[in-house]
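Working notes, structure below.
The values are calculated or read from the model by the stated rules, or taken from the named source; none is laboratory data. Note that the structure is a prediction, hence the values are computed from the model and not measured. Counting neighbours? That spans all protein chains shown, and the Cβs are built from the backbone with ideal geometry, glycine included. When the accessible area is computed, the model is the full protein with side chains, heavy atoms only, and any ligands, DNA or RNA have been set aside. Shrake-Rupley method; radii C 1.70, N 1.55, O 1.52, S 1.80 Å.
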Amino acid sequence: MIRYLANRLMTMALTLAVVSALVFFIVNLPPGDFLSNQIAELQAQGESASIEKAEFLRKQYSLDQPQWKQYFIWLGAMPGPDGYSGLLQGDWGWSFEFDQPVSEVLEEALWLTVVVNLAAMLFIYVVSLPLGTIAAVRAGGITDYVVAIIGYIGLATPNFLLALILLYYGQQYLGIPIGGLVDPVYEGEPMSWAKFKSILAHLIVPTIVIGTAGTASMIRRLRANLLDELGKPYVATAKAKGVGPVKRVVKYPLRAALNPFIADIGNLLPSLVSGSVLVSVVLSLPTLGPALLAALRSQDHYLAGFILLFVSALTLVGMLISDILLAILDPRIRFGGRSR
Amino acid sequence: MTPLDPNTRYTDTAAYGDDTDIGGARPDLDMPTGKLIRRRFMRHRLAVVSALFLAFLYLCIPFVELIAPYSANQRNADYLYAPPQALHFFHEGALVAPYVHPVTAKADLEKFQWTYTQDQTQRQTVRWFCKGEPYRFWGLFEARGHLICPPEGGTLYLLGADRLGRDVFSRLVYGMRISLTVGLIGITISLLIGVTLGGMAGYFGGWIDSTVQRMIEVIRSLPELPIWLALSAAVPPQWSPVAVFFMISVILGLLDWPGLARAVRSKLLSLREEEFVRAAELLGAKPARIIRTHLIPNFMSHIVVSASLSIPAMILGETALSFLGLGLRPPAVSWGVMLNDAQDLTVIEFYPWVASAMIPVMLVVLAFNFLGDGLRDAMDPYN
């Protein structure tokens, strides 16, 4: 198990390294950078004092260096000018647009992103496990059809539209608060029971919206797996021997069907994180989504780069968790190396 | 009984006809594969309906100028946010030529809104096959013909008008052109990359296989939408709409191929061990030829299915990008660009028809999904 874990962690670190290079490359694709754009603008207005500051920042964050050097400095593998130390040493760079370190700009957004995605994940599993099971056991029944219809709707509606619609009707008829993740009253206050409740109420719509598409596909998958399993002779044997209807399903077939269900976290998480970016923009949640959009628009490349890297790391960690869970569940994977 | 000569082959002297029973217990399975597939597919009602629906839409694409009553960006300042006008077919119980009621706008200075009232007493007959606004047909020549035109001196806003007084229905029809082709171009790119890389990985194995595998792993771990956003933010804003459109489709295709490459690879790995591949190799066929003529046809069905399931994802992707303002930009018209206008809640509350582009998006995505499901079932007729 330990060898398996070490192996898995190594691949993850390597993947992350490649991803970081890719992300840096993508973020730097547009010609120019935030500061050179700003300098050009300032020059047009003839403000020399601010130009000096911008030039200073350019030097400070090594934007005058060739790109491969910039990458290694950003990563922290190479010393930057004036003690700028890079990601590996915990310096996430400078957000030029907000004129603050990236770590301060994103302080809240980081954990909120994790919270929102975790909530969506929980929602998916809590909803799809019972619904998928019922849909499989009563295949062709009413539940099966209703679940299929909801599934198709979840599949076909763009996330952001679902967000808009739910937001509107949730507010209109149920009084669910609109926008943001916490009531403005509690903004900046320490955590308390009231603030916690407010956050929970604000989480309802985003969780449902982000989770719907994933829930739909999860239900379909669990249903298919369980149907396969239920058709096997041992289930018939159990029935013949008089095992009760619930135990007959839950004891063995469901456990066997759960395996791919958990393996799917790896597929589910990237799409979840993607979806949450878009939904946060629509619902104006203070997560990474809106920050990413703003950073990309203004070529604030340390901010954009860090967000992209963080989001990728989040998906990688999710995959790691799913692999570990699978290894715990399934000894074949633990001992046989890769099962694929 | 005459003894059989062991050196001659026994042949049946009876005439052979097409109606001869081929025999066997499974006459169903001995039909040509194409026929089996078609029959299986036809049984999947929903898939057939979806296929017809999609075929109809794609056939409409070359003729959008003809179908739309207005051009996509024609503004009318007198009808900002005009509500939909219903097309009436019956008047006092009798079937008449389709007509609409004229609409007049009045400014409500208390709510700062336009209020539109329909004059129920008057009827304006809609014109068919008429001369309307001029346009360049396929960029070749000037034309004025339309399938349907607003009545003389009146308006025809079948789905209402938007913020600038542009006809929503016409924009939907125009938007179809981009929204439906974006997926086709994207899937072509994804297929090219996926089949090439997956084919190479599966056929050659070794270091090529492991390189491709690592690439697949890296790309699969990237969250799709943020990367799409970053890539499309890199598209220079001064490019022409057509160039932007192609770039966006390329971007959508660039992240889609890993799933396909993976499937192609694993399929090839098993097919490579088959005897017919060995035979082709011994006859001196080159790898490219073996992959193209012997292996790919064997999993064509899989490629078709995964293509039909990937296209809707790309359509949704384009919609999302344009909705966020990072995809296509006006004056280009796509369903995503139209939904960009429906971003805030006031619009949804007061002028819901502006968001009507969501209905075709949903229908098309569903249709592609049903089509894919139907094809998947049909392509495997021996199961």
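Structure notes:
- The protein assembly as shown - percent of accessible surface contributed by carbon and sulfur, probe 1.4 Å: 63 percent
- In the protein assembly as shown, one over the average inverse separation of all distinct C-alpha pairs is 29.6 Å, which is the Kirkwood hydrodynamic radius.
- Stretch in chain B that is longest and holds no GluC sites (Glu not before Pro) that DSSP places in a loop and that have at most 16 other beta carbons within 10 Å: B:153-272
- Computed over every Cα-Cα pair of chain B and binned at 10 Å starting from 0, the pair-distance distribution P(r) comes out as 4, 17, 22, 21, 15, 10, 6, 3, 1, 1, 0, 0 percent.
- The residues packed around residue B:241, meaning those with a beta-carbon under 15 Å from its beta-carbon, carry a net charge of +2 if Lys and Arg are +1 and Asp and Glu are -1.
- Degrees separating the helix B:168-204 axis from the principal Cα axis of chain B, which is the longest one: 20 degrees
- The local environment of residue A:135, defined by Cβ-Cβ distances under 10 Å, has a net charge of +2 under the rule Lys, Arg +1 and Asp, Glu -1.
- With DNA, RNA and ligands ignored, accessible area of residue A:10 (1.4 Å probe; Å², nearest 10): 120 Å²
- Cross-link partners of residue A:69 among lysines (Cα-Cα below 29 Å; sequence separation of 8 or more within a chain): A:53, A:59
- Projected-area mean, region A:2-105, by convex hull of Cα positions, square nanometres: 8.0 nm²
- Those residues of region B:256-270 whose amide nitrogen sits under 19 Å from the label point placed on residue A:14, 7 Å along Cα→Cβ: B:262
- Remark: the protein assembly as shown carries a charge dipole of roughly 2440 debye about the Cα centre, counting +1 on each Lys and Arg Cβ and -1 on each Asp and Glu Cβ.
- Kirkwood-Stokes translational diffusion coefficient of region B:317-379, alpha-carbon pairs, 4 °C, 1.567 mPa s, µm²/s: 100 µm²/s
- For chain A, the membrane-span-like helices by this rule, meaning whole DSSP H stretches whose C-alpha atoms cover at least 15 Å of axis and whose Kyte-Doolittle mean is 0.5 or above, are A:2-27, A:102-137, A:142-156, A:159-174, A:193-230, A:265-283, A:301-329; this says nothing about an actual membrane.
- Farthest positive-ward along the protein assembly as shown dipole, Cα basis, beta-carbon charges - from A:304, B:252, B:157: B:252
- Sites matching chymotrypsin sites (Phe, Trp or Tyr not before Pro) across region B:189-259 that sit in DSSP coil, with at most 14 neighbouring C-beta atoms within 10 Å: B:239
- Cα-based Rg of region B:294-345 normalised by 2.2 N^0.38 Å, two decimals: 1.65
- Selection from B:301, B:317, B:279, by position along the positive dipole direction of chain B (Cβ): B:279
- Cleavage-rule hits (chymotrypsin sites (Phe, Trp or Tyr not before Pro)) in region B:89-120: DSSP loop, at most 16 neighbouring Cβ within 10 angstrom: B:112
- Ellipsoid semi-axes in whole angstrom, largest first, where each is sqrt(5λ) of the Cα gyration tensor of region B:164-232: 38, 15, 6
- Gyration tensor verdict on region B:85-156 (Cα atoms; rounded if a/c is under 1.5, prolate if a/b is larger than b/c, oblate otherwise): oblate
- Annotation: per residue accessible area for region A:184-317 equals 42 Å², rounded to a whole number [probe 1.4 Å, protein chains only].
- When you restrict to C-alpha pairs under 8 Å that are six or more residues apart and normalise by the size of chain A, the relative contact order lands at 23 percent.
- A simple spin-label model places the labels of residue B:211 and residue A:297 4.1 nm from each other, with each point 7 Å out along Cα-to-Cβ.
- Cα→Cβ-extended label distance, 7 Å offset, between residue A:69 and residue A:3, nm: 4.5 nm
- Radius of gyration (Cα atoms) of region B:171-378, expressed as a multiple of 2.2 N^0.38 Å: 1.19.
- Region B:74-113: trypsin sites (Lys or Arg not before Pro) in DSSP coil with no more than 13 other Cβ atoms inside 10 Å: B:111
- For chain A, average projected area of the Cα convex hull in nm²: 23.0 nm²
- Lacking any other cysteine beta-carbon closer than 4.7 Å, the following Cys residues of chain B have no compatible partner: B:60.
- Within a Gaussian network of chain A (alpha carbon springs, distance under 10 Å), most fluctuating of A:142, A:124, A:321: A:142
- Among B:209, B:256, B:162, residue whose mean-square fluctuation peaks in a GNM of chain B (springs only between Cα atoms under 10 Å): B:209
- Degrees, to the nearest 10: B:300-323 long Cα axis against longest axis of chain B: 20 degrees
- FRET efficiency estimate (nearest 0.05) - Cβ-Cβ, residue B:66 to residue B:184, R0 22 angstrom: 0.55
- Among B:223, B:241, B:151: highest mean-square fluctuation, GNM of chain B, C-alpha pairs under 10 Å: B:223
- Tilt relative to chain B, helix B:257-271 - C-alpha long axis, 0 to 90 degrees, to 10: 20 degrees
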